[in-house]
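Enquirer: This structure is in structure tokens; I'll ask about it shortly.
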Amino acid sequence: MPHLLAAPDKFKGTADAQDIAGAICAAAASAGWSSESVPLADGGEGTLDVLGGPNRRSRVSGPLGEPVEAEWRLDGDGAVIEMARASGLALAGGPEANRPLEASTRGTGELILAAVGGGARRITVCVGGSATTDGGWGAVEVLDGRLSGVDLVVACDVRTEFRRAAADFAGQKGATESEVTMLERRLDRLTQVYRDRYGVDVTGLPGAGAAGGLAGGLAALGARLIPGFDLVADAVELDERVARADLVVTGEGFLDEQSFEGKVVGGVAELCAEAATPLLVVVGEVLAGVLGADLLPTGTEVVSLTETFGAEHSRTDPLNCIRTVVSRRLGPTSRNGRERE
């Protein structure tokens with residue numbers, strides 16, 4: 001019996017990775033394939049759920065100062081925190097309601113302190129989905145001098161450098177052009193502050209711009225920055241699972257150049273290329289020109305739900321659309337994929 005690995009990211013705003021993986025596996029079962037569900041994330045929203053889910057809750061400052069109840073995970077002396085649950089754009093009401101110049105990562109710092117207070121000495125901070133472009137200053141103010149003996153790791157969902165955080169992402173958080181310029185100046189000032197106060201130069205540090213520069217701020221306090229996808233892939237032994245599969249199905253909401261800069265689709269594609277495992281990529285939309293850039297392994301099939309089913313149907317019923325795409329690829333009695341030895 002051929003074996004399928006369902007290894008998708010979330011389709012942001014429409015379906016989470018767990019439900020998408022379930023839809024893929026349901027299609028595989030209907031076609032007579034065995035399957036394995038391995039929902040993935042890249043260090044941003046959804047990473048906490050992939051790494052075991054929350055089992056603690058703390059009251060902290062939201063991105064605009066209002067109190068929020070933020071969930072996190074504690075296992076022994078290890079903790080996992082998702083910054084979006086304390087300082088996320090959704091908590092600010094989306095880009096329309098956000099106040100980009102005021103949005104702060106203070107609540108993320110408070111959440112890290114809650115983990116330290118709970119006995120954590122190994123803390124992973126998953127960054128992405130932020131409302132903020134404060135360079136991590138809100139969190140730094142809270143944490144300064146209070147992380148002695150703590151191994152802090154930041155799982156980054158992008159490789160953006162510190163100053164680029166404003167130009168690349170602040171507009172998505174509601175910032176006007178003039179506000180983007182002001183935020184860039186703020187980040188410039190903070191690079192000097194971090195250099196003078198902590199002896200850390202964050203300017204050229206890959207990933208330091210993640211979550212509006214939060215990653216850089218935490219790096220100034222001694223945190224190690226790592227690619228979020230690599231963290232998740234190692235945790236679920238993804239390379240071994242890919243090698244065992246006859247077909248891998250992955251996907252995300254929007255396929256563009258950033259999909260290959262530390263995101264799930266790009267990471268899964270690399271592993272499939274190394275293992276010579278066939279790959280099907282199902283996405284909500286595809287940016288024009290991406291498929292001609294030789295970013296995916298030869299023979300990879302990419303299906304856009306928007307092109308296949310229309311924008312409205314793909315947004316309102318993504319799971320059935322995904323199930324249909326995978327069923328068509330496999331067929332009721334198909335044995336497509338790599339032959340087993």
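Each reported figure results from applying straightforward, stated rules to the coordinates on display, with no laboratory input. This one's a predicted model, so the numbers in the text were calculated from it and none came from an experiment. Glycine gets a Cβ as well: all are built from the backbone with ideal geometry, and neighbour counts include every protein chain shown.
Enquirer: Could you line up L330, L74 from fewest to most neighbouring Cβ atoms inside 10 Å? Please report the intermediate quantities before stating the final value.
Expert: Details: L330 23, L74 18.
With the sparsest Cβ surroundings first, the list reads L74, L330.
Enquirer: Another question, if that's okay. Using 0.36 nm per residue, how much length does the chain from A288 to R146 gain when fully extended, once their Cα-Cα distance is taken away?
Expert: Working: separation 142, 0.36 × 142 = 51.12 nm, distance 4.74 nm.
Full-extension gain reported as 46.4 nm.
Enquirer: Per q in 0.12, 0.13, 0.15 Å⁻¹, report the Debye log10 I(q)/I(0) for segment 47-229, using one uniform scatterer on each alpha carbon and no solvent.
Expert: Here the Debye-derived log intensity ratios amount to -0.47, -0.55, -0.75.
Enquirer: Treating only the Cβ atoms of Lys and Arg (+1) and Asp and Glu (-1) as charged, compute the dipole magnitude of segment 189-341 about its Cα centre; round to the nearest 20 debye. Working shown, then result.
Expert: Numbers: 14 positive and 22 negative charges, 65 e Å.
Charge dipole, segment 189-341, about its Cα centre: 320 debye, nearest 20.
Enquirer: Find which of A139, N320, T47 sits farthest along the positive direction of the dipole of the chain, computed with +1 on the beta-carbon of Lys and Arg, -1 on that of Asp and Glu, about the Cα centre.
Expert: A139
Enquirer: May I ask you to list the residues of segment 134-169 whose amide nitrogen lies under 12 Å from a point 7 Å from Cα along the Cα→beta-carbon direction of T203?
Expert: Answer for segment 134-169: 162-163.
Enquirer: Moving on. Grab the beta carbon distance between M182 and R122, set R0 = 30 Å, and tell me the FRET efficiency rounded to 0.05. Display every interim value, and only then the final one.
Expert: Working: r = 37 Å, r/R0 = 1.22.
Given R0 = 30 Å and the Cβ-Cβ separation, E is 0.25.
Enquirer: How do the peptides 140-149, 159-168 rank, highest first, by the average count of neighbouring beta carbon atoms within 10 Å per residue?
Expert: Details: 140-149: 14.3, 159-168: 22.3.
By packing density, highest mean first, the sequence is 159-168, 140-149.
Enquirer: Once you treat every alpha carbon in the chain as an equal point and sum by Debye, what is log10 I(q)/I(0) at q = 0.13 Å⁻¹?
Expert: -0.95
Enquirer: Also: Looking at V150, L183, T105, which one has the Cα that reaches farthest to the positive end of the dipole of segment 58-205 (charges on Cβ: Lys, Arg +1; Asp, Glu -1)?
Expert: Checked the options; the winner is V150.
Enquirer: While we're looking at this one, here's another question. State the answer as a single residue: which of L64, A167, F229 lies farthest towards the positive end of the charge dipole of the chain, with beta carbon charges of +1 for Lys and Arg and -1 for Asp and Glu, about the Cα centre.
Expert: My answer, from the dipole projection, is L64.
Enquirer: Further question: Place a point 7 Å from Cα of L295 in the direction of its Cβ. Which residues in segment 220-256 have their backbone N less than 11 Å from it?
Expert: Residues 254-256 qualify, since their backbone N sits under 11 Å from the label point.
Enquirer: So if I take the centroid of the Cα atoms in segment 291-322 and the same for segment 20-42, what is the distance between those two points in Å?
Expert: 16
Enquirer: Continuing with this model, one more query. Only four residue types carry charge here, +1 at the Cβ of Lys and Arg and -1 at the Cβ of Asp and Glu. Report the dipole size of the chain about the Cα centre in Debye, rounded to the nearest 20. Could the numbers behind the result be given before it?
Expert: Values: 32 positive and 49 negative charges, 111 e Å.
Using Cβ point charges on Lys, Arg, Asp and Glu, the chain gives about 540 debye.
Enquirer: Let me ask something else. Please list the non-local residues whose amide H lies under 5 Å from the amide H of L89, H modeled 1.01 Å from N, same-chain partners needing a gap of 5 or more.
Expert: S130, A131
Enquirer: If one computes the Cα centroid of segment 133-195 and of segment 221-238, what distance in Å separates the two points?
Expert: Value for the Cα centre distance between the two parts: 20 Å.
Enquirer: A further question on this structure: Kindly identify segment 170-235 as rounded, prolate or oblate by the Cα gyration tensor criterion: order the square roots of the eigenvalues as a ≥ b ≥ c, call it rounded if a/c is under 1.5, otherwise compare a/b with b/c, prolate if a/b is larger, else oblate. Before the final figure, lay out the partial values.
Expert: Working: a/c = 3.36, a/b = 1.25, b/c = 2.69.
Note, shape of segment 170-235 comes out oblate.
Enquirer: Here's something else I'd like to know. So what J values fall out for segment 99-105 if you push phi through Karplus, 6.51 cos²θ - 1.76 cosθ + 1.60 with θ = phi - 60°, rounded to Hz, Gly and Pro as x?
Expert: Along segment 99-105, the couplings run 10, x, 6, 9, 4, 10, 8 Hz.
Enquirer: Using only the Cα atoms of segment 168-316, build the gyration tensor, take square roots of its eigenvalues as a ≥ b ≥ c, and label the shape rounded, prolate or oblate: rounded if a/c is under 1.5, else prolate if a/b is larger than b/c, else oblate.
Expert: Working: a/c = 2.99, a/b = 1.56, b/c = 1.91.
Verdict is oblate for segment 168-316.
Enquirer: If each DSSP helix of 4+ residues adds -39,500 (n - 2.57) and the sum is divided by the residues in the chain, what number results at 222 nm, nearest 500 deg cm²/dmol?
Expert: Details: 15 runs with 135 residues, N = 341.
Rounded to the nearest 500, it is -11000 deg cm²/dmol.
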